[in-house]
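Here the structure comes first, spelled out in structure tokens, and everything after it is commentary.
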Amino acid sequence: MSNTIVAPSLLSCDFGRIKEESELLNASEADWFHLDVMDGVFVPNISFGLPIIAAFRKHTTKPLDVHLMIEDANQYVSDFKKAGADILTVHYEACTHLHRTIQAIKAEGMKAAVALNPHTPISVLSSILPDLDMVLIMSVNPGYGGQKFIESSYDKIKALRAMANASNPNLIIEVDGGVNLENAPKLVEAGANALVAGSTVYKSDNPSETISALKRA
Ligand code: DX5
Ligand code: ZN
């Protein structure tokens, strides 16, 4: 059994059926619920916010992996904790005082993660890496589900794993965007240990089986 964490992205689920969608994931091998918050400013799309996270929280005991694609995340850290987030990811590109934000997330008892857009080099994390529980490598430009995987992500993951081996060996490396059954094993081989998948799971005939297949990557 692999140790790869699988986090289906609920951006692609049916929001009219939050209870049923939660039950599907509860009964599956999914490790986390990945929840994408978009503000229409940092990214050119608006998804959902605190009340929807609180709604999923009512229907699962699995960790909620909340990916904030918003400006000014610092001011909402405790609100996301109250809504039920277990892991809070902020974007490097949207946080001026990243160290302060990471400390605030940890002070609330959540795991702290930083996401990097495809154009952002991993070198910007060198000072903060020992403080992080996870880094999220965006393998598409954030904002939408269903986009094509960016191939240069493999090298980025490999380099980040090497960097983490030196300063934070327990770092979780999560990949988000265009993850499918074909690239999943290559991502794990490159050093990723958490896979986010939206379209691959929800556009498949059997989401639960697809989650199991990703788990075996
Ligand atoms: C994109 C989001 C992703 C998205 C992934 O900005 O962060 O989590 O839902 O969707 P797929 O797996 O379809 O690329
Ligand atoms: Zn995401």
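Each value in this text was obtained by applying a stated rule to the coordinates, not by laboratory testing. The structure presented is a predicted model; accordingly, all values stated were derived computationally and were not measured. Ideal geometry is used to build each Cβ from the backbone, glycine not excepted, and the neighbour counts take in all protein chains shown.
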Query raised in the report: Any residue at all in the stretch 46-53 that is closer than 16 Å to ALA197 by Cα and crowded, with 16+ Cβ neighbours inside 10 Å?
Result: no
Query raised in the report: Can you name the residue in the stretch 46-69 that is part of a strand (DSSP E or B) and within 22 Å of SER28 (Cβ to Cβ) and is also farthest from ligand 2 (Cβ to nearest atom) among such residues?
Result: LEU64
Query - Residue among LYS81, LYS106, LYS148 that alone is among the charged types (D, E, K, R) and in a loop (DSSP other than H, G, I, E, B) - result: LYS148
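Residue by residue, here is whether (1) more than 16 Å from ligand 1 (Cβ to nearest atom); (2) hydrophobic (A, V, I, L, M, F, W, C); (3) over 30 Å from GLU20 (Cα atoms); (4) touching a residue at least 40 places away in the same chain (Cβ under 8 Å) holds:
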site: ILE70; (1), (2), (3), (4): no, yes, no, no
site: ASN74; (1), (2), (3), (4): yes, no, yes, no
site: SER78; (1), (2), (3), (4): yes, no, no, no
site: ILE87; (1), (2), (3), (4): no, yes, no, yes
site: GLU93; (1), (2), (3), (4): no, no, yes, yes
site: THR101; (1), (2), (3), (4): yes, no, yes, no
site: THR120; (1), (2), (3), (4): no, no, yes, no
site: LEU125; (1), (2), (3), (4): yes, yes, yes, no
Query raised in the report: Are there any pairs with C-beta distances below 7 angstrom linking a residue in the stretch 15-38 that is away from ligand 2 (no atom under 16 Å from the Cβ) to a residue that is of a type in the set (S, T, N, Q) and not in a loop (DSSP other than H, G, I, E, B), with the two at least 6 apart or on different chains, and if so which?
Result: LEU24/SER208; ALA27/SER208; SER28/SER208; GLU29/SER212
Report task. Check GLU174, GLU209 and return the single one that is closer than 19 Å to LEU25 by Cβ, of a type in the set (D, E, K, R), within 16 Å of ligand 1 (Cβ to nearest atom) and outside any loop (DSSP other than H, G, I, E, B). Result -> GLU174
Report task. For the stretch 17-37, indicate whether the set of residues that are more than 15 Å from the chain's Cα centre (by Cα) and in a strand (DSSP E or B) is non-empty. Result -> no
Query - Inter-residue pairs, beta-carbon under 7 Å, first within 25 Å of ARG161 (Cβ to Cβ) and in the stretch 189-205, second near ligand 1 (Cβ under 9 Å from one of its atoms) and β-branched (Val, Ile, Thr), 6+ apart - result: LEU195/VAL179; VAL196/VAL179; ALA197/VAL179; THR200/VAL179
Report task. Would you mind stating whether LYS158 is within 14 Å of ligand 1 (Cβ to nearest atom) and over 28 Å from HIS97 (Cβ atoms)? Result -> no
Report task. Determine, yes or no, whether ALA107 is hydrophobic (A, V, I, L, M, F, W, C) and surrounded by fewer than 17 Cβ atoms within 10 Å (Cβ to Cβ). Result -> yes
Report summary line: Scanning the stretch 111-126 for residues that are surrounded by fewer than 22 Cβ atoms within 10 Å (Cβ to Cβ) and under 24 Å from PHE48 (Cα atoms), the one farthest from ligand 2 (Cβ to nearest atom) turns out to be LYS111
